[in-house]
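The values are calculated or read from the model by the stated rules, or taken from the named source; none is laboratory data. Predicted, not measured: the structure shown is a model, and the values here were computed from it. Neighbour counts are summed over all protein chains in view; Cβ atoms, including those assigned to glycine, are modelled from backbone coordinates with ideal geometry. Surface accessibility is based on the protein's heavy atoms, side chains included, excluding ligands, DNA and RNA. Shrake-Rupley method; radii C 1.70, N 1.55, O 1.52, S 1.80 Å.
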Amino acid sequence: MERSVRRETRELGAALTAAMERTGASVGMVYLLPPEGRTLRLAVLSGVPLDIAAPWTRVALGDPVPVADAVSQARLVWLGDQEEMARRYPRPGLVLPYRFSLAALPLTADGTPWGGLVVLWPAGHPPTLSPEEAEVLRTGAGRMADVLRTAAGAGDPLLPGPHPFVAHAPGPAPGQTAAALAFADRLPGGSCALDLDGRVTFVTRTAAELLGLPRERLVGTFPWEALPWLDAPVVEDRYRAALISRETTAFTAVRPPGHRLRFRLHPDATGISVRVIPLPDAPEAGSRPRPARAPARRRSATPGVPGRAGTLYHLMHLAAMFTEAVGVQDVAERTAEQMTPALGARSLALLLAGDGRLRLVGHSGCDPDLAERLYSVPVGAGTPEVRAFTGGTPLFFQSAQELRAAYPSAGERTPEGAWAFVPLIASGRPVGSLVLGFDRPRGFHSPERAVLSSLAGLIAQALDRARLYDAKHDLVHSLQAGLLPHGLPRVSGLDVSARYLPAAVGMDVGGDFYDVIRLGDTTCAVTIGDVQGHNVDAAALMGQVRTAVHATAGAPPGEVLARTNRLLLDLDPGLFTSCLYAHLDLARHSAVLATAGHPPPLCRHPDGRTASLDVPPGLLLGIDATATYPETEVPLPPGTLLALFTDGLVEVPGVHFDTTTADLAARISRGDPTDLDALADAVVEHACRTAPRNDDMALVLLRTHP
């Protein structure tokens with residue numbers, strides 16, 4: 001299986017590279033949507049290092065980013081410039097403040113979303129996507145979707161590994177190497193080259209002299225590691241800008257004790273060529289001499305130390321995500337995904353206090369022994385995570401040996417490297433602990449300790465709000481569950497299956513309801529409706545409407561809706577309600593329906609054809625006391641399937657209601673009508689996978705049989 005996955009991943013990389021070459025794109029990303037998942041995972045990357053793409057290695061379908069919209073809404077998303085990105089998608093616009101254009105497409109085959117494609121063009125691309133470019137991208141996306149569909153059909157679905165596959169652009173021809181070296185040495189000033197990850201791959205003799213280190217100590221390193229005086233946010237920001245926009249950028253730096261150097265970065269698809277030009281060291285006439293600065297302290301080789309632009313952007317992205325995160329699990333997952341690469345940590349664990357224990361609520365990179373040890377820790381235990389929590393003071397250990405010397409309970413199996421235990425403090429009270437492990441020993445200098453403490457405070461506030469959200473969420477949904485039927489009656493000659501899902505976004509209770517009412521041995525009534533709003537008032541009204549319908553069931557459908565309408569106007573709730581009511585007579589194989597502004601049901605005929613029933617709509621309940629509701633009778637021969645649903649099941653932003661309803665009808669036609677539970681699950685799962693659901697959804701399936 002590993003060989004098959006590797007081959008298919010390379011096929012995706014080849015398709016991505018071909019699409020980029022034919023359209024002139026500079027960056028490409030391929031995302032996979034695992035079976036029955038709602039999170040896109042980055043599988044193939046080209047054009048930038050993983051450090052820059054790290055904030056988007058995992059993207060939930062409901063996240064406000066282009067690829068999530070492209071997949072969930074089944075459409076191409078185009079952003080012509082940086083301003084449009086900032087306006088429509090402020091979170092990625094904040095983290096990538098550079099000039100580029102972007103397109104995102106879904107990878108769809110046979111109506112099933114398998115993932116997404118993202119490509120970026122450098123600055124200077126026209127503000128519109130040409131028809132030729134769009135066709136190339138759609139063709140490439142189709143090819144990628146076919147690869148994924150074939151893998152799934154063979155029982156070997158392609159799942160992304162722990163790190164994305166990197167599709168490299170071709171390098172220079174080998175025969176030109178000697179001539180290129182001689183050419184670079186003859187140029188005035190110095191020259192060096194960086195690969196797309198930022199490592200030095202080539203340095204001329206003059207450049208090494210200007211930088212103050214021999215060539216062998218420069219090649220293979222990151223410039224900001226080998227040369228501490230280049231460890232500044234502006235340096236990495238100019239490097240990132242060159243990679244993303246593919247524009248020449250420049251900056252000036254001072255090599256101690258006072259040598260001023262001008263750097264110009266010239267990027268392309270394979271890396272960055274850097275020109276190093278010396279500038280006059282002496283200050284201009286009339287200006288004050290600058291005080292001598294002590295040489296910058298060399299930082300740890302671990303990437304992600306505060307002070308670099310990449311780290312700052314990661315943390316800005318994390319802060320922006322916290323404004324959208326809701327429950328504790330959501331906050332924990334986003335923290336683990338973002339902070340681990342941002343801080344260069346090997347492992348991260350979040351522990352939240354409750355019932356006298358610290359409980360593990362989220363982690364990344366933790367080995368099984370560590371995760372088991374941190375799963376549930378009594379607050380009286382003498383462990384570093386408890387000490388940080390109870391004392392309110394962070395603990396830093398430069399190595400695992402130092403940690404074991406202070407806390408023998410850490411055990412010999414503690415992974416080597418540095419460790420940090422930081423209390424999570426919200427509104428002056430501790431709520432948990434943050435545990436960070438690193439690959440190698442390192443010192444935690446004062447600026448880094450300050451940033452980690454600030455981050456812990458940010459996480460603590462988010463977790464505290466999330467805990468309140470979870471408590472309210474559980475309360476309102478328990479209320480709603482109590483208002484819905486706990487079971488469905490058995491009626492001879494009828495199979496029934498129903499599903500209800502609360503909105504995926506937001507925490508207020510919804511107003512969707514359904515009911516199946518047994519009236520006799522061969523008769524029953526079924527109703528479904530949607531109360532306006534998402535709050536406790538809507539839930540209370542939903543319960544009243546369901547009770548009113550239940551009390552008048554058995555009367556003609558039009559009369560049931562009319563009586564319920566008059567009751568709502570007497571209650572004067574200030575809310576409107578859509579409702580569909582059907583009376584089924586299984587002995588006569590017929591149904592009589594009436595609707596109050598509710599979508600008509602879908603009918604799958606015994607021959608497999610599925611279409612909406614033509615039911616004349618009446619006014620919504622709660623508008624006019626004199627409203628009448630026309631009735632429609634339809635035949636129900638054995639083998640007929642009716643699907644009653646609320647609009648939350650089919651509403652997709654930017655897609656016409658008729659289109660999504662037709663898609664639902666097609667799915668019901670393809671499903672197995674003899675297994676209503678499996679069909680209901682498949683319909684709901686597809687709805688959840690294809691778009692973020694901002695509304696409740698209810699579904700009732702009924703099938704007649706002899």
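Looking at the chain, the accessible area is 43 square angstrom per residue; that uses a 1.4 Å probe and ignores ligands, DNA and RNA.
With all pairs of separate Cα atoms included, the range 1-96 yields a Kirkwood hydrodynamic radius of 14.6 Å. With a 1.4 Å probe and all protein chains left in place, how much of the accessible area of the range 17-172 comes from carbon and sulfur atoms, in whole percent? Exposed carbon and sulfur together represent 56 percent of the surface. Taking every Cα-Cα distance in the range 572-706 and sorting them into 10 Å bins starting at zero, the pair-distance distribution P(r) comes out as 11, 39, 35, 13, 1 percent. Computed from phi, the 3J(HN,Hα) profile of the range 378-387 under the Karplus parametrisation 6.51, -1.76, 1.60 (θ = phi - 60°) reads x, 6, x, 6, x, 10, x, 5, 6, 4 Hz, with x in place of Gly and Pro. Note on the range 593-665: along the principal axes its Cα atoms extend 41, 35, 13 Å, ordered by decreasing extent. Shown in residue order for the range 93-100 are the 3J(HN,Hα) couplings computed by the Karplus curve 6.51 cos²θ - 1.76 cosθ + 1.60 at θ = phi - 60°: x, 5, 7, 10, x, 10, 8, 6 Hz (x for Gly and Pro).
Quick one: plug the Kirkwood hydrodynamic radius of the range 224-283 (C-alpha pairs) into Stokes-Einstein at 20 °C, 1.002 mPa s, and report D in µm²/s. Once the numbers are plugged in, D ends up at 177 µm²/s. Counting only DSSP beta bridges with both residues in the chain, what percent are antiparallel, rounded to the nearest 5? For the chain, the DSSP antiparallel bridge percentage is about 95. Cα centroids of the range 420-435 and the range 645-662: 44 Å apart. For L424, nonlocal amide neighbours, meaning residues 5 or more places apart or on other chains whose placed amide H falls under 5 Å from its own, are V431, G432, S433, L434. Each part gets one Cα centre, and for the range 110-133 versus the range 335-366 those centres are 36 Å apart. Binning the C-alpha pair distances of the chain at 10 Å intervals from 0 yields a P(r) profile of 3, 13, 18, 20, 19, 13, 8, 4, 2, 1, 0 %, listed from the shortest bin outward.
Got a number for carbon plus sulfur as a percent of the range 490-609's accessible area, 1.4 Å probe? Result for the range 490-609: 50 percent of the exposed heavy-atom area is carbon or sulfur.
What are the trypsin sites (Lys or Arg not before Pro) within the range 586-688 that DSSP puts in a loop, where the Cβ has at most 15 other Cβ atoms within 10 Å?
Working: sites: R588, R604, R609, R667, R670; in loops: R588, R609.
Answer in residue order: R588, R609.
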